[in-house]
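Presented below is the structure to which this report refers.
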Amino acid sequence: MNLKYRASEEEIMDDLNLSGQVIDQTLRELDYINRTLGGNAISLSAFKKLLKGNEIQSVADLGCGGADILIEMAKIARKQYRKVKFTGIDANPHIVNYAQGHTKSWPEIEVQCHNIFSEDFQQQHFDIIHCCLFLHHFTHGELVQLFRSFSHQARVAIVVNDLHRHLLAYHSIRLLTRFFSKSYMVRNDAALSVARGFKKHELKAILHEAEIQNYELKWRWAFRWQLVITL
């Protein structure tokens, strides 16, 4: 696999008609992978930092999947006695149904079915917009457009947690999922996601074209980028 440039091949997850047991199994495995490899901690550390210095009342998680990270954020807010409304956004109605069931005992979490390019979504505003393992699904041009839109929709910050395209990351996740995953979607998509991930200069170029200047971009283990844009 040549990782010099971002892969353009679509993942199975990009099929918005996917439903059934494969979705449930995949979402459970993705939650486990993110918790085990420390991926969730990257988003949660940024969220905690933003809570300290700002009056945060609303957070949107785009491409929310099973809403696991929203639950973790809600736990943090509850511990700090902060009243925050959390909104999960996903374009797959079957994933939305799963996430709604998963968050039934969390009244501060709402999950909506939207295409993020739709007017219905882009008319909504939040204090924080969060994207975890979501933006690598889009092209360079689409990302420029999205960041421009996000910068108008978010009041305080945009938080991005996504993949560093690296040969070691690619082969490691390919081997791990081959031996331990029961989901054909995870086995196919995990390594492909890394191939669709980003080099640092690519993210900086996207932000430059979107006319975003006030940001902090850090590399985090394991092969993640933590991007925090302050508005």
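The values are calculated or read from the model by the stated rules, or taken from the named source; none is laboratory data. What you see is a predicted model; the values in this text were computed from it and never measured. Please note: Cβ atoms are built from the backbone with ideal geometry, for glycine as well, and neighbour counts cover all protein chains shown.
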Taking TYR215 as the residue in question, decide whether it is of a type in the set (Ser, Thr, Tyr), in contact (Cβ under 8 Å) with a residue 12 or more places away in the chain and in contact with a Leu (Cβ under 8 Å, 6 or more places away or on another chain). yes
Of the residues in the stretch 52-70 that are crowded, with 19+ Cβ neighbours inside 10 Å and in a helix (DSSP H, G or I), the one that is nearest to the chain's Cα centre (by Cα) is ILE69
Given the conditions (1) at pLDDT below 95; (2) touching a Lys or Arg at 6+ places or on another chain (Cβ under 9 Å), every one holds for LEU217 apart from (1)
Restricted to the stretch 71-102 and to residues being of a type in the set (Gly, Ala, Ser) and in contact (Cβ under 8 Å) with a residue 12 or more places away in the chain, the residue surrounded by the most Cβ atoms within 10 Å (Cβ to Cβ) is GLY88
Per the filter on the stretch 81-111, residues more than 16 Å from LEU62 (Cα to Cα) and either within 16 Å of the chain's Cα centre (by Cα) or not polar (S, T, N, Q) (or both) are TYR81, ARG82, LYS83, VAL84, GLY101, HIS102, LYS104, TRP106, PRO107, GLU108
Margin query: Just checking, does the stretch 83-91 include any residue being β-branched (Val, Ile, Thr) and part of a loop (DSSP other than H, G, I, E, B)?
Written below: yes
Out of (1) surrounded by 14 or more Cβ atoms within 10 Å (Cβ to Cβ); (2) over 16 Å from SER8 (Cα atoms); (3) under 17 Å from the mean Cα position of the chain (by Cα); (4) not aromatic (Phe, Trp, Tyr), the one LYS218 does not meet is (1)
Exception for SER43 within (1) under 25 Å from ASP189 (Cβ atoms); (2) modelled with pLDDT of 95 or more; (3) in a loop (DSSP other than H, G, I, E, B); (4) of a type in the set (Ser, Thr, Tyr) falls at (3)
Matching residues in the stretch 113-134 (buried (at least 17 other Cβ atoms within 10 Å of the Cβ) and without any contact (Cβ under 8 Å) to a residue 60 or more places away in the chain) number 4
